[in-house]
1. Can you confirm whether I378 is surrounded by 19 or more Cβ atoms within 10 Å (Cβ to Cβ), closer than 18 Å to I30 by Cα and among the β-branched types (V, I, T)?
2. Can you go through V170, V229 and tell me which one is in contact with a strand residue (DSSP E or B) (Cβ under 7 Å, 6 or more places away or on another chain) and surrounded by 17 or more Cβ atoms within 10 Å (Cβ to Cβ)?
3. Working carefully through the options S94, S49, S59, find the one that is surrounded by fewer than 18 Cβ atoms within 10 Å (Cβ to Cβ), in contact with a Gly (Cβ under 8 Å, 6 or more places away or on another chain) and not hydrophobic (A, V, I, L, M, F, W, C).
4. If a residue must be open to solvent by less than 10 Å² (accessible area, probe 1.4 Å) and either away from the ligand (no atom under 16 Å from the Cβ) or at pLDDT below 95 (or both), how many such residues does the stretch 99-137 contain?
5. Looking only at the stretch 154-192, which residues are over 17 Å from A232 (Cβ atoms), of a type in the set (A, V, I, L, M, F, W, C), away from the ligand (no atom under 14 Å from the Cβ) and touching a residue at least 24 places away in the same chain (Cβ under 8 Å)?
6. I'm told L195 meets every condition in (1) within 16 Å of the ligand (Cβ to nearest atom); (2) within 28 Å of L298 (Cβ to Cβ) except one. Can you identify the failing condition by its number?
7. Being closer than 19 Å to Y239 by Cβ, crowded, with 22+ Cβ neighbours inside 10 Å and among the β-branched types (V, I, T): is that true of T353 here?
Amino acid sequence: MIDKLRAFRDRARELDREDPLRRFRRRFRIPRGVIYLDGNSLGFLSRDSEAALQKALRSWRDLGIRGWLEADPPWFYMAETLGAMCAGLVGAASDEVVMSGTTTVNIHALGATFYRPAGRRTKIVADELDFPTDIYALKSLIRLRGLDPAEHLILAESRDGRTLDEEAIVKRFDETVAMALLPSVLYRSGQLLDLEFLTSRAHENGVVIGFDCSHSVGAVPHEFDRWDVDFALWCSYKYLNGGPGATAFLYVNRAHFERGPALAGWFGSVKERQFDMSLDFEPARGAGGWQISSPSILSSAPLIGSLAILKEAGIDAIRKKSLQMTRFLMEMADELLAPEPYGFSIGTPREETRRGGHVALCHPEGLRVAEALRARGIVPDFRPPDMIRIAPVALYNTHAELWTLVRRLREIIDTKDYGRFPSERKAIS
Ligand SMILES: *Cc1c(COP(=O)(O)O)cnc(C)c1O
């Protein structure tokens with residue numbers, strides 16, 4: 001075992017030496033002695049984001065209300081400017097993406113627009129492994145139409161409780177379905193769904209389809225336009241490193257610009273006429289029309305820095321390194337963490353086309369093992385019943401950190417050190 005550990009350590013060093021993205025780690029403010037592997041829950045602060053936020057604060061201080069037009073970039077166009085910066089990450093035109101609201105609010109805004117139950121087509125397809133807020137939002141959208149979620153929300157089932165089978169999902173697309181909303185990457189197992197396949201089958205069956213890409217944008221390339229996705233939304237505090245509660249993004253395929261937003265608000269106006277203060281709403285022609293309120297400038301400014309870093313690094317290079325790191329972690333887990341007495345198993349699909357940016361390590365004592373890791377300065381997170389999620393982020397994590405993680409996990413089991421932590425979950429795990 002010692003030999004194997006050593007061999008993996010040498011591999012880790014070699015991979016880090018050859019890493020073309022190595023220089024980006026210095027752009028992040030990772031505290032000394034901390035190994036941060038939770039970038040799929042909250043991405044880390046970069047120096048670039050910190051500077052952009054401080055600049056926004058200075059503009060507020062120095063310009064006051066004039067900041068809406070005179071700040072750099074002007075706040076009035078910030079949502080469109082950042083939308084255009086994000087469009088390249090998802091394979092969309094710049095007017096198809098806008099920064100707006102939050103993930104759940106955007107599900108409401110786009111769901112209100114795209115869920116149009118009519119005739120026999122009244123149902124929504126989602127899945128039973130979805131992030132709960134998505135399901136809460138879909139149920140309320142169904143209730144708002146005077147329908148019963150028990151009858152009109154179809155949850156595609158998982159056979160193993162961890163992954164979904166795309167063939168089984170598309171079997172649910174029939175003439176009773178109006179809309180589907182599915183995740184790109186499942187938040188627990190890290191499975192990446194085949195969005196192109198799901199979209200083409202949805203359309204063959206007359207179903208409008210959207211995706212919640214919170215767990216993939218910034219880690220995985222997307223091609224919304226080429227796949228002909230109808231709509232999408234994603235948060236910006238995970239792999240986009242926008243900061244806690246940062247303003248989210250939404251995508252509307254230009255084929256649907258005519259529909260206009262179902263939930264109107266003055267920030268969705270045609271920009272040149274927003275301040276005419278007319279009582280007749282004229283929505284902007286583009287994703288911008290789906291904005292509702294004034295954008296939160298202080299929760300958006302960090303994205304100016306972080307999106308620039310993502311662009312500089314390039315999403316293809318990011319994906320390549322991410323896959324290399326998750327592969328390396330799974331290889332180490334197979335050799336060093338699966339055998340008794342360690343007993344870890346991998347809950348993430350192995351195929352490159354089927355996994356996102358994180359790896360789920362499953363262990364019956366997962367909750368307490370995660371606490372024992374935190375006590376050692378390693379930050380993972382935990383999702384019940386048994387998943388420790390490890391997200392090696394291409395921009396700031398190293399293979400050497402993954403090697404240290406594995407060594408610490410072995411030590412925690414060898415010494416049964418997890419035994420000193422309570423088995424109740426804290427408010428956030
Ligand atoms: C992170 C995440 C959310 C978070 O929703 P908020 O409205 O930003 O709190 C929603 N859905 C999915 C799939 C997520 O991964």
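The values are calculated or read from the model by the stated rules, or taken from the named source; none is laboratory data. None of the values given here were measured: they were computed from a predicted structure. Cβ atoms come from the backbone with ideal geometry, glycine included; neighbour counts cover every protein chain shown. Areas reflect the complete protein model, heavy atoms only, side chains present, ligands, DNA and RNA absent. Shrake-Rupley method; radii C 1.70, N 1.55, O 1.52, S 1.80 Å.
1. So I378 passes the test.
2. Unique residue meeting the criteria: V229.
3. Only one candidate passes the filter, namely S94.
4. Residues in the stretch 99-137 being open to solvent by less than 10 Å² (accessible area, probe 1.4 Å) and either away from the ligand (no atom under 16 Å from the Cβ) or at pLDDT below 95 (or both): 3 in total.
5. I154, L155, A156, V170, F173, V177, A178
6. Of the numbered conditions (1) within 16 Å of the ligand (Cβ to nearest atom); (2) within 28 Å of L298 (Cβ to Cβ), the odd one out for L195 is (2).
7. Answer is no for this residue.
Yes/no matrix, rows are residues, columns are (1) out of contact with any strand residue (DSSP E or B) (no Cβ under 8 Å at 6 or more places or on another chain); (2) of a type in the set (K, R); (3) in a strand (DSSP E or B); (4) closer than 21 Å to L193 by Cβ:
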{"residue": "A308", "(1), (2), (3), (4)": "yes, no, no, no"}
{"residue": "R319", "(1), (2), (3), (4)": "no, yes, no, yes"}
{"residue": "D334", "(1), (2), (3), (4)": "no, no, no, no"}
{"residue": "G343", "(1), (2), (3), (4)": "yes, no, no, no"}
